[in-house]
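Undergrad: Pasting in a structure now, in C-alpha cells, and then I'll have a few things to ask.
The values are calculated or read from the model by the stated rules, or taken from the named source; none is laboratory data. Here the structure is a predicted model, which is why all the values come from computation and not from measurement. Cβ placement follows ideal geometry from the backbone for every residue including glycine, while neighbour counts extend to all protein chains displayed. Just the protein is used for accessible areas: all its heavy atoms, side chains included, with ligands, DNA and RNA removed. Shrake-Rupley method; radii C 1.70, N 1.55, O 1.52, S 1.80 Å.
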Amino acid sequence: FGTHALLIVTLTLIPATAAAQSENDATREDVYPPLWDRAPESLLDFLVKDNKIVINPWNYQERLGVYKNMLNSSAKYFTAFGSQNFGNILWGLPLQHGWQFRTGRLADPSSVTSCGYEDGDLLCISARSWWSCMNYYLAVIPFLGAVEAGLFGQLQYEIEILPPEERKADFCYSVADCRSRNPKLMDEWKAYFEYLLSTEHKAGSPATFSSFKMDDALGLIWRAHVSSIAYALPKFQDRLKYFSDPEANFGQDWANAVDFIAATHFSTDLETTNEFQAFLPQRMLTEGDVLPSISDFSPQQNRVLLSMRALHKANQLTGGLLLKLWQKAMSTEAGRKLGRKLIEDLASS
C-alpha cells in the first residue's frame, strides 16, 4: 500500500517537478526573516515589569524575538551541522513567519483596522488573520514548551504573553494556562526540547552531543508541528471568510501539504527552508487569480500551487486515506529518503 501512495503522490506532484527552481539565489541579508537583526536577542530584551517578562506576540518583531530566543538557546545542539547556527531545524518556523509578514498575510484581512499596513501599524499582527492565528500555535506554544522543558534554564521571572485586542479566548497565555487547555500540544513541544537537553553530556569538556540523532530530532519537531496545525485548523476556520477564495484555498492546501512533508522528516534548516519558500506566493491571492496562469507568478510558482491544490483534493477524495498510505510509506528511513528526494526534485528539476 505504501508504494501505491508514493506513486499517487508522485503523479500528483509531477506537474510541478518540471522546473520549480525559483529565484532562490538569495543574497546574504534576505536569508533571514525581515527585521531579524532588530528582534529581541535574549529574554531580558523584552519588557520586564512586576517580576514578569512581558511578550507581545501581536507585534511582528516581538513574535520574531520568541523564535530568535529559541534558536539562540538551542544553537549548541546543532554545531555539528554547520556554522552560524544555520543547521538548526527551528529555522523553518521564523522563516515561514517572515514570509507571512513580507507578503502581507499578518495584516487585518477585513481592512477594518490599519493593523499590519504601511499607513497604520506595519508591525501589528492581526487576530483576524488566519495566518497570524495559525502561526500563534507554531510560535507561542513551542516557546512555552521550551520554557517548561528548561531550554532557558531557571528563569528568575515568570513569562507573561499579552492577549490580542479581540478574540482573546482563542489563545492561551502562560505555561500553566496552555498546559490546562492544550496538554497534548504542550507535551509534544516540550518533548522536542527535552530531547535536545537529554543529548548533552555535561561531564565532557567541551560539551559533546554524541547521542544526538538528526532523524529523531526531526521526527519530534514535525510531530509537534503537525499537532499544532491539526489543533488550530478547525479553531480558526472562521478567519478564512476574510480571504478571497483563492487565498483561503491556498492556506488550506498549504496546511495539508505540511502533513505530507512532515512524514518525510524533511529538514527545516535555514538553507533548505529558504530554497523551498522561494516558490511560495509573494503576495496574497485575489479573486482574479486562476491556477496555473497567475500572470505575476513564475511558471514554477503556478505549478507548485496547482500541485498543492491537487494533492489536497486527492487527499479529500480518499477521505484522508492518501495521507495515511503516504505516512505508512514514510515509516522507514529508506521510505523517508525517497519521499525527501521527491520533494527536493520539486525545487531542483
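Undergrad: Within the set of other residues whose C-beta is less than 10 Å from the C-beta of L151, count the net charge using Lys and Arg as +1 and Asp and Glu as -1. Working shown, then result.
TA: Working: positive: K190; negative: E148, E194.
With Lys, Arg at +1 and Asp, Glu at -1, the net is -1.
Undergrad: Cα-Cα over 31 Å: which of K68/K313; K168/K337; K68/K184; K190/K324; K49/K190?
TA: Too far apart for the 31 Å limit: K68/K313; K168/K337.
Undergrad: Any chance you could run the full-extension gain for S331 through D45? It's 0.36 nm times the residue separation minus the Cα-Cα distance, nm to one decimal.
TA: 98.7 nm
Undergrad: Using a 1.4 Å probe on the protein chains only, how many percent of the accessible area of the stretch 180-285 belongs to carbon and sulfur?
TA: The value for the stretch 180-285 is 56 percent carbon and sulfur by accessible area.
Undergrad: Counting pairs of alpha carbon atoms under 8 Å apart in space and at least six apart in sequence, what relative contact order in percent does the chain give?
TA: Taking the mean separation of contacting Cα pairs over the length of the chain, I get 28 percent.
Undergrad: Take each uninterrupted DSSP H stretch in the chain, measure its Cα extent along the helix axis, and return the ones at 18 Å or beyond whose mean Kyte-Doolittle hydropathy is at least 0.5. Present the calculation step by step, with values, prior to reporting the outcome.
TA: Numbers: long enough: 2-17 (22 Å, 1.50); 60-74 (21 Å, -0.89); 183-198 (21 Å, -0.39); 214-235 (32 Å, 0.42); 245-263 (28 Å, -0.22); 299-317 (27 Å, -0.58); 333-348 (22 Å, -0.59).
Long hydrophobic helices here: 2-17.
Undergrad: Please identify the cysteines of the chain that lack any partner cysteine with a Cβ under 4.7 Å from their own Cβ.
TA: Here C133 come out as lacking a disulfide-compatible partner, given the Cβ-Cβ threshold of under 4.7 Å.
Undergrad: Picking from Q237, N69, C133, whose Cα lies most toward the positive end of the charge dipole for the chain (charges on Cβ: Lys, Arg +1; Asp, Glu -1)?
TA: It is Q237.
Undergrad: Something else about it: When only DSSP loop residues count, what GluC sites (Glu not before Pro) in the stretch 257-304 have their Cβ near at most 12 other Cβ atoms within 10 Å?
TA: Listed in order of number, the matching sites are E287.
Undergrad: A further question follows. Defining a contact as two alpha carbons under 8 Å apart and six or more residues distant in sequence, what relative contact order in percent does the stretch 154-299 show?
TA: Worked out over the stretch 154-299, it gives 18 percent.
Undergrad: OK, next. Do me a favour and compute the ellipsoid semi-axes for the stretch 279-349 from its Cα gyration tensor, root of five times each eigenvalue, largest one first, whole Å.
TA: Equivalent-ellipsoid dimensions as semi-axes: 27, 17, 8 Å.
Undergrad: Over the Cα atoms of the stretch 60-175, what is the Rg over Rh ratio if Rh follows Kirkwood?
TA: With Rh from the inverse mean 1/r over Cα pairs, Rg/Rh is 1.00.
Undergrad: Now, a different point. For the stretch 77-187, what's the relative contact order in percent, using C-alpha pairs closer than 8 Å and at least 6 residues apart?
TA: For the stretch 77-187, the relative contact order is 16 percent.
Undergrad: Out of every Cα-Cα pair in the stretch 110-169, what percent are more than 20 Å apart?
TA: Of the Cα pairs, 40 percent sit more than 20 Å apart.
Undergrad: Under 5 Å between amide hydrogens, which residues at least 5 positions from E158 or on another chain qualify, with H placed 1.01 Å from N in the peptide plane?
TA: I53
Undergrad: Out of residues 5 or more away from N59 or on other chains, whose amide H comes under 5 Å of its own, with H placed 1.01 Å from N in the peptide plane?
TA: Correct list: I125.
Undergrad: Taking a cut-off of 17 Å between Cα atoms, list the aspartates and glutamates near K341, but don't count ones fewer than 8 places away on the same chain.
TA: Within the straight-line cut-off, K341 pairs with D215, D259, D269, E271, E275, E333.
Undergrad: Sticking with this structure for a sec: I'd like the per residue volume of the convex hull spanned by the Cα atoms of the stretch 133-197, given in cubic angstrom.
TA: 77
Undergrad: Which residues make up the longest stretch of the chain that has no trypsin sites (Lys or Arg not before Pro) in a DSSP loop with at most 14 other Cβ atoms within 10 Å?
TA: 29-166
Undergrad: Okay, moving on. Projected area of the stretch 117-246, taken from the Cα convex hull and averaged over every viewing direction, in nm²?
TA: Directional mean of the projected Cα hull area for the stretch 117-246 stands at 11.0 nm².
Undergrad: Please give the FRET efficiency for S174 paired with D216, using the beta carbon to beta carbon distance and R0 = 41 Å, rounded to the nearest 0.05.
TA: In this case the efficiency is close to 0.90.
Undergrad: Work out how much length A191 to T318 would gain on full extension: take 0.36 nm times their residue separation and subtract the Cα-Cα distance, in nm to one decimal. Don't jump to the answer; show the numbers that get you there.
TA: On the way: separation 127, 0.36 × 127 = 45.72 nm, distance 3.21 nm.
Extra length available between A191 and T318 comes to 42.5 nm.
Undergrad: Still on this structure, I have one more. With +1 on each Lys and Arg Cβ and -1 on each Asp and Glu Cβ, and nothing else charged, work out how big the dipole of the stretch 249-293 is about its Cα centre, in Debye to the nearest 20.
TA: I would put it at about 60 debye.
Undergrad: Magnitude of the Cβ-charge dipole of the stretch 168-308, K/R +1 and D/E -1, about the Cα centre, nearest 20 debye?
TA: 480
Undergrad: Given the options W326, N302, L218, identify the residue whose Cα lies farthest towards the positive end of the charge dipole of the chain (+1 on Cβ of Lys, Arg; -1 on Cβ of Asp, Glu).
TA: About the Cα centre, the residue reaching furthest to the positive side is W326.
Undergrad: Go ahead and set up a Gaussian network model of the chain, Cα springs under 10 Å, then flag whichever of L71, L162, L95 fluctuates most.
TA: Fluctuation is largest for L162.
Undergrad: Under a Cβ-only charge scheme (Lys and Arg +1, Asp and Glu -1), can you give me the dipole magnitude of the chain about the Cα centre, in debye to the nearest 20?
TA: Charge dipole, the chain, about its Cα centre: 1020 debye, nearest 20.
Undergrad: Here is a follow-up. Suppose we take every Cα in the chain and form the convex hull; what volume per residue is that in Å³?
TA: For the chain, the hull spanned by Cα atoms encloses 143 Å³ per residue.
Undergrad: Let me ask something else. Could you pull the Cα extents of the stretch 226-349 along its three principal axes, largest to smallest, in whole Å?
TA: Over the stretch 226-349, Cα extents along the principal axes are 42, 33, 27 Å.
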